[in-house]
1. Here's a check for you: in the stretch A:80-128, which residue that is part of a loop (DSSP other than H, G, I, E, B) and touching a helix residue (DSSP H, G or I) at 6+ places or on another chain (Cβ under 7 Å) is farthest from the other protein chains (Cβ to nearest Cβ)?
2. Scanning the stretch B:76-87 for residues that are facing chain A (nearest Cβ under 9 Å) and buried (at least 24 other Cβ atoms within 10 Å of the Cβ), which turns out farthest from B:GLU250 (Cα to Cα)?
3. Count, please, the residues in the stretch A:159-190 that happen to be facing chain B (nearest Cβ under 7 Å) and either among the hydroxyl-bearing types (Ser, Thr, Tyr) or outside any loop (DSSP other than H, G, I, E, B) (or both).
4. Which of (1) assigned to a loop (DSSP other than H, G, I, E, B); (2) within 11 Å of another protein chain (Cβ to nearest Cβ); (3) under 19 Å from the mean Cα position of the chain (by Cα) does B:PRO253 not meet, given it meets every other one?
5. Counting only residues that are of a type in the set (Gly, Ala, Ser) and touching an Asp or Glu at 6+ places or on another chain (Cβ under 9 Å), which one in the stretch B:26-48 is surrounded by the fewest Cβ atoms within 10 Å (Cβ to Cβ)?
6. It is to be established whether one or more residues within the stretch B:282-291 are in contact (Cβ under 8 Å) with a residue 40 or more places away in the chain, within 12 Å of another protein chain (Cβ to nearest Cβ) and of a type in the set (A, V, I, L, M).
7. With surrounded by 13 or more Cβ atoms within 10 Å (Cβ to Cβ) and either within 25 Å of B:LEU83 (Cβ to Cβ) or not aliphatic (A, V, I, L, M) (or both) as the only criterion, which of A:HIS75, A:HIS134 stands out?
8. Would you confirm, using the coordinates I've provided, whether A:THR131 is facing chain B (nearest Cβ under 7 Å), of a type in the set (Ser, Thr, Tyr) and out of contact with any strand residue (DSSP E or B) (no Cβ under 7 Å at 6 or more places or on another chain)?
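What follows draws every value from the coordinates through simple rules; no lab data is involved. Here the structure is a predicted model, which means the values were calculated and not measured. Ideal geometry is used to build each Cβ from the backbone, glycine not excepted, and the neighbour counts take in all protein chains shown.
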Amino acid sequence: MAGKLVYFLLLVVVMVAMPVYSEAQDNTTTMDNLTENDIPKFVTTKPQFTEGIFPCSNCHASMTPNRQRRELSFHTEIQLNHAKRQRWCLDCHDADNRNVLKLANGDHVTFEESYNLCGQCHGNIFRDWKTGIHGKRIGYWNGDKTYYLCVNCHNPHSPHFKPLKPLPMPAHPQDVTKVKSTTSIEVDGRKLYIPVYEK
Amino acid sequence: MNRRNFLKTAALGVGGILLPAKDSPASVWDAFFQKYYREMNDKEKKDVVARLEKEYEEKYKKHIKVKTNAPLPKVLYGYGLDLSRCVGCRRCVYACVTENNQSRNPQIQYITVLQFEQGEKWVSDLEESNKYYNPETVPAPEHFYMPVQCQQCEKPPCVKVCPTQATWKEPDGIVVVDYNWCIGCRYCMAACPYNARKFNWGEPTIPVDEINTETHYLGNRPRIKGSVEKCTFCIQRVRENPGRYPACVEVCPVGARKFGNLLDPESEIRVLIETKRVFRLKEELNTQPKFYYFFSL
């Protein structure tokens, strides 16, 4: 009798818990199990275009697309140094609509959402970028964040980081009072004050 | 005169000498008898802030706002630094100097960027590092970099040794200094295994037009000669609600610096601790830093 009661109680517990459990499952939509159409839009910084180059249709609208893979006679400032052997312009740029980018499946994305394009190959980096581990976010640690687009830091045609000039080294302990003055520089829109040392 | 009377008179005399002169301005008396910050009520904090803002106004001819924002509930700040990405450019050092009103002369900097040669002994032996590197461009070939600043320990040895309790760990995990309570004995500097604390050997100077006027009492308000200071995770920024990222996080050109709430499982700091290879500096000392170095590559 007691055994039966225990089984009955267990059954009740399971029956009550089942819908609660499945509901909890439904509510957890992490970024990774969103369907393709649901890739969230991130608030990002603006992509940097060469002055006057966008929208591309300004020039391209009146041109017939040449889909032949070739050395371009225009845009020669672009050095493709990004898996050059496997890739050329029209793998990412769309021949029929130059103002958007093209995913591998033929879908279009705007330049503001170019992370979807980069994320096709760099999946692990894309995953880290979404959670904030890769790349840079500014704003509020417990509020709205602005994501830097991949292309804000990496030149998409030549993504490796270029070496930087380091800011002044610290003064040696015996020289901490020999800072002549300070001067200001601008880094990414922010004003920083750096020391000027006596010769 | 017997021994007892002598001691009484001497004690009174010494006490009298230590007190501010009778004709000192009222603010000197107020500063001298200022209460311990952690024991102040809101009214007392307001009075102290008003006095400090007036002092700064007279000194710098410019209004400097001093905030006393309390810790946010359910928040424990943590920091991540991606050693796979850092290129040693020192942008963080000067973003910090600018944001936190560090003295320009004598020079004080909270962040020290160490350069190591690849294959060299490191982490356990920072003595082999070089902080005076100055090549044309960084990263220098066959070198790597590790910035060091206050590690905001959960068991801070600096706090343990302070004879006046002028430094303590706040409930949100930030180790702070009350510059008015610090007597400048520098025990904390000797106790800190990370060389994170800096001392104002001279009168700190900053050109007036370079002062950041958004300050916190426990953070970047103007300091005085003879007091110790340190990184506070930009307490004046992160304790707002919503709180901004620290200045070093926002300036890093390679996105190597991460910041967030250790109690929030969705925060970047928690995700990186759970998914990346992480270590804490000098873990064997059991200081339990909340500053996590990690490798994303």
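1. First, the residues of the stretch A:80-128 that are part of a loop (DSSP other than H, G, I, E, B): A:80-83, A:87-88, A:92, A:94-100, A:103-107, A:110, A:114, A:122.
Remaining after also requiring touching a helix residue (DSSP H, G or I) at 6+ places or on another chain (Cβ under 7 Å): A:92, A:98-99, A:103-104, A:114.
On the way: A:CYS92: 23, A:ARG98: 30, A:ASN99: 28, A:LEU103: 24, A:ALA104: 25, A:SER114: 17 Å.
Across the stretch A:80-128, the extreme among qualifying residues is A:ARG98.
2. So, considering only residues that are facing chain A (nearest Cβ under 9 Å) and buried (at least 24 other Cβ atoms within 10 Å of the Cβ), the one farthest from B:GLU250 (Cα to Cα) is B:TYR77.
3. Summing the residues that are facing chain B (nearest Cβ under 7 Å) and either among the hydroxyl-bearing types (Ser, Thr, Tyr) or outside any loop (DSSP other than H, G, I, E, B) (or both) in the stretch A:159-190 gives 6.
4. With respect to (1) assigned to a loop (DSSP other than H, G, I, E, B); (2) within 11 Å of another protein chain (Cβ to nearest Cβ); (3) under 19 Å from the mean Cα position of the chain (by Cα), B:PRO253 is out only on (3).
5. Applying the filter and picking the extreme gives B:SER27.
6. Initial filter on the stretch B:282-291 (in contact (Cβ under 8 Å) with a residue 40 or more places away in the chain): B:282, B:285-291.
If we keep only those that are within 12 Å of another protein chain (Cβ to nearest Cβ) as well, we get none.
The answer is no; no qualifying residue exists.
7. Working: A:HIS75 fails: surrounded by 13 or more Cβ atoms within 10 Å (Cβ to Cβ).
Just a single option satisfies the conditions, and that option is A:HIS134.
8. Answer is yes for this residue.
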